[in-house]
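Worksheet for the structure shown next.
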Amino acid sequence: MSDPDSGEFTDLSNPNAPVRGYLRRSSHSAADCLILTHGAGANCQSLLLTTLADAFCNAGLTVLLCDLPFRQSRPHGPPPRGSADRDQEGLRAAVEAMRKLEGGRVFLGGHSYGGRQATMLAASTQHLVECLLLLSYPLHPPERPAELRTKHFAALHTPALFVSGTRDGFGTIAEMESALSQIPAHTELLPILNTGHELIPRRNREEFSAEVVSRFLSFLNTIG
């Protein structure tokens, strides 16, 4: 396992799901750690993730941006059919690596597909992490609102903050609010005005990241 102050990070302790990405370490000792991963068409160096990583690190958290196993296998394109289980194992390996490296709590989340895999993993493994951060959860495919991706919500007992754009074609704010009522754990929804599924605005990115960080830290205070 590499242990840099920041930069490229690799953990090969799980050969079936190696952890690869970028680690941004807080200057605080025993800092809490936030693991973030990407959507189906991106990688861990997306503008959304790197912008939030900077803001969370400045707020005192260590941040690991990691590529899911499908992205490690192919640099471009969506995840192939049947990759979800391996991608979830990749997130599990990332959590295990960060628990060895950092002394604080571990939080898990991601954008779109990556966030969905995080919720599915947490629903199947209670107490895996202390909290989830879901960015643009893909509630349903665009223009197909009946095809909800919520079957596992009833088994999700990990507190979760959802962040969604008010113009997201994968789920309206009203649809998200209805879906979150199925989750037995404490949840909150942060709407981001005038943004779509990409979530990050073209302007005022610092204000956006500051809002997400502030709301997430406040959310952590509510769950203890």
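The values are calculated or read from the model by the stated rules, or taken from the named source; none is laboratory data. Here the structure is a predicted model, which means the values were calculated and not measured. With ideal geometry, Cβ positions are generated from the backbone for all residues, glycine too; neighbour counts draw on all protein chains shown.
For the residues Tyr137, Tyr113, the requirement of being in contact (Cβ under 8 Å) with a residue 40 or more places away in the chain and within 23 Å of Phe170 (Cα to Cα) singles out Tyr113.
Within the span defined as the range 135-152, one or more residues are modelled with pLDDT of 95 or more, assigned to a strand (DSSP E or B) and out of contact with any Pro (no Cβ under 6 Å at 6 or more places or on another chain).
Considering only residues that are in a strand (DSSP E or B) and in contact (Cβ under 8 Å) with a residue 40 or more places away in the chain, look in the range 116-134 and name the one that is surrounded by the most Cβ atoms within 10 Å (Cβ to Cβ). Can you show your working first?
First, pick out the residues of the range 116-134 that are in a strand (DSSP E or B): 131-134.
With in contact (Cβ under 8 Å) with a residue 40 or more places away in the chain added as a condition, the list becomes 131, 133.
Working: Cys131: 22, Leu133: 26.
The selected residue is Leu133.
Exactly one of (1) more than 23 Å from Arg105 (Cα to Cα); (2) free of Cβ contacts under 8 Å to residues at least 60 places away in the same chain; (3) not in a loop (DSSP other than H, G, I, E, B) is unmet by Phe208. Its number? For Phe208, the exception is condition (2).
Filtered by the rule that a residue be charged (D, E, K, R) and over 25 Å from Ala31 (Cα atoms), the range 99-152 gives Arg116, Glu143, Arg144, Glu147, Arg149, Lys151. Restricting attention to the range 23-60, the residues that are among the aliphatic types (A, V, I, L, M), crowded, with 24+ Cβ neighbours inside 10 Å and not in a helix (DSSP H, G or I) add up to 4. I'd like the full set of residues that are of a type outside the set (S, T, N, Q) and surrounded by 19 or more Cβ atoms within 10 Å (Cβ to Cβ), limited to the range 199-212. Those that are of a type outside the set (S, T, N, Q) and surrounded by 19 or more Cβ atoms within 10 Å (Cβ to Cβ): Leu199, Ile200, Phe208, Val212. Return yes or no: is Arg81 surrounded by 23 or more Cβ atoms within 10 Å (Cβ to Cβ), more than 19 Å from Leu132 (Cα to Cα), free of Cβ contacts under 8 Å to residues at least 60 places away in the same chain and over 15 Å from the mean Cα position of the chain (by Cα)? It is false that Arg81 is surrounded by 23 or more Cβ atoms within 10 Å (Cβ to Cβ), more than 19 Å from Leu132 (Cα to Cα), free of Cβ contacts under 8 Å to residues at least 60 places away in the same chain and over 15 Å from the mean Cα position of the chain (by Cα).
Every residue, every condition in (1) aliphatic (A, V, I, L, M); (2) over 19 Å from Val212 (Cα atoms); (3) under 18 Å from the mean Cα position of the chain (by Cα), yes or no:
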position	(1), (2), (3)
Ser124	no, yes, yes
Leu132	yes, no, yes
Ser136	no, no, yes
Ala146	yes, yes, no
Lys151	no, yes, no
Phe170	no, yes, yes
Ala174	yes, yes, no
Ser178	no, yes, no
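Summed over the range 153-168, residues that are surrounded by fewer than 17 Cβ atoms within 10 Å (Cβ to Cβ), in a loop (DSSP other than H, G, I, E, B) and not hydroxyl-bearing (Ser, Thr, Tyr) total 2.
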